[in-house]
Amino acid sequence: MAGLLFVAHAGAENARIPIGIETASGAATVSRYRLTEYLRTQGCEADIRVGASAPDLALAFLPGIPGDAEPAPVLEAVNRNGKLPVAVWVTRRTAGVRNLSELQGRDLATVAGRDPLGASLPLVALKKQGIVPKPEQLYEAGDYSSALGLLLHNNTYAAVSELGFVEPFLTRNSLVVSWSGEPAMAAGWYRQAGWNHTVEACEQALTTLKRADDRQRFAIFPEWVYGFALPDRQTSKDITQ
């Protein structure tokens with residue numbers, strides 16, 4: 001589902017910092033409200049819009065891997081372990097998948113949206129093995145939990161996921177990681193045209209956000225996102241659940 005856009009303009013007297021969040025989630029209203037309230041307690045008066053294309057934004061959360069010519073994010077999204085995310089293919093242990101070539105001709109679960117972990121990175125890994133699934137072999141789930149659900153209910157042979165997110169589910173559900181990629185900068189916060197130094201308070205507040213403290217605040221982000229860290233500092237114990 002494409003991100004919706006809530007447009008609101010701050011007045012001159014009580015200017016709020018316009019922040020955009022690109023999301024594939026349809027349940028963004030409560031998350032947007034709770035995130036706004038949290039940022040306020042941290043000294044960041046934010047006007048959060050669900051959508052990241054308005055020209056006056058000061059800060060935006062974007063999924064995707066930046067190109068060489070694009071600016072680096074000011075904060076990187078990190079997984080449950082406080083690390084950059086890792087795309088994986090997950091299968092049932094009983095399937096005995098030893099390499100990706102065994103996924104040829106199989107039904108596979110992916111995740112909708114622009115998050116590269118949800119489809120593009122795992123599918124590139126398949127393509128390198130000469131595997132290009134037919135459209136009818138790809139089941140597009142709304143989130144990572146639903147993709148795993150398709151696998152667990154035997155609707156698909158494998159599902160995409162993120163390593164930190166899926167680790168707690170592996171043993172108790174008799175699942176295994178059949179392939180894992182390299183750590184990837186797959187989402188982050190980017191300064192936009194409306195940025196000024198007052199936005200630094202918001203950036204600092206975002207580094208204190210932890211999914212474990214309030215999961216509803218994070219419903220607007222991909223499920224694997226557990227917090228945000230400065231580039232090259234994905235080791236914060238505060239983010240680790």
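Quick check for you: which residues of the stretch 130-156 have the amide N under 18 Å from the point 7 Å beyond the Cα of residue 94 toward its beta carbon?
Counting backbone N atoms under 18 Å from the label point, the list is 148-156.
Go through 205, 175, 81 and say which Cα lies farthest out towards the positive end of the charge dipole of the chain; charges sit on Cβ, +1 for Lys and Arg, -1 for Asp and Glu.
Positive-end residue among those listed: 175.
Keeping every protein chain present and rolling a 1.4 Å probe, give me the accessible area per residue for the chain in Å².
49
What do you get for trypsin sites (Lys or Arg not before Pro) in the stretch 76-144 restricted to DSSP loop and a cutoff of at most 13 other Cβ within 10 Å of the site's Cβ?
When the trypsin sites (Lys or Arg not before Pro) of the stretch 76-144 are filtered for loop state and at most 13 Cβ neighbours within 10 Å, 98 remain.
Taking a ≥ b ≥ c as the square roots of the Cα gyration tensor eigenvalues, with a/c under 1.5 meaning rounded and otherwise prolate when a/b beats b/c, else oblate, which class fits the stretch 180-219?
Cα axes put the stretch 180-219 in the oblate bin.
Using the Cβ atoms and a cut-off under 10 Å, what net charge is assigned to the surroundings of residue 158, where Lys and Arg are +1 and Asp and Glu are -1?
Charge balance near residue 158 sits at 0.
In the stretch 86-183, if the dipole is taken from +1 on Lys/Arg beta carbons and -1 on Asp/Glu beta carbons about the Cα centre, which of 120, 100, 110 is farthest to the positive end?
Highest projection toward the positive end goes to 100.
What percentage of the solvent-accessible surface of the chain, computed with a 1.4 Å probe over protein heavy atoms, is contributed by carbon and sulfur atoms?
With neighbouring chains kept in place, the figure for the chain is 51 percent.
Distance in nm between label sites at residue 104 and residue 169, each 7 Å beyond Cα in the beta-carbon direction?
Roughly 2.8 nm, to one decimal.
Suppose each label sits 7 Å from its Cα in the direction of the beta carbon; what would the residue 184-residue 139 distance come out to in nanometres?
Modelled inter-label distance: 2.2 nm.
Report the accessible area of residue 171, computed with a 1.4 Å probe over the heavy atoms of all protein chains in place, in Å² rounded to the nearest 10.
Using a 1.4 Å probe on the heavy atoms, I get roughly 120 Å².
Residue farthest toward the positive end of the dipole of the chain, with Cβ of Lys/Arg at +1 and Asp/Glu at -1: which of 194, 152, 216?
Comparing the listed Cα positions along the dipole, 152 ranks first.
Give me the count of lysine pairs in the chain whose alpha carbons sit under 27 angstrom apart, restricted to pairs 8 or more positions apart or on different chains.
5
What shape does the stretch 86-183 have by the C-alpha gyration tensor, where a ≥ b ≥ c are the square roots of the eigenvalues, rounded means a/c under 1.5, and otherwise prolate means a/b greater than b/c and oblate the rest?
Rounded shape, in that the Cα axes give a/c under 1.5.
Work through the residues other than residue 31 whose Cβ is under 14 Å from its Cβ and net out their charges, Lys, Arg +1 and Asp, Glu -1.
Here the charged neighbours net out to 0.
Under a no-solvent Debye model with one identical scatterer per Cα of the stretch 128-241, what's log10 I(q)/I(0) at q = 0.13, 0.16, 0.20, 0.24 Å⁻¹?
The calculated log intensity ratios at q = 0.13, 0.16, 0.20, 0.24 Å⁻¹ are -0.67, -0.93, -1.24, -1.52.
Within the set of other residues whose C-beta is less than 11 Å from the C-beta of residue 184, count the net charge using Lys and Arg as +1 and Asp and Glu as -1.
For residues surrounding residue 184, the net value is -3.
What are the extents of the Cα atoms of the chain along their three principal axes, listed from largest to smallest and rounded to whole Å?
62, 34, 33
The values are calculated or read from the model by the stated rules, or taken from the named source; none is laboratory data. Quick caveat: nothing in here was measured; it's all calculated off a predicted structure. Virtual Cβ from ideal backbone geometry, glycine too; neighbours counted across all protein chains shown. Please note that ligands, DNA and RNA were not included when accessible areas were found on the heavy atoms of the full protein model with its side chains. Shrake-Rupley method; radii C 1.70, N 1.55, O 1.52, S 1.80 Å.
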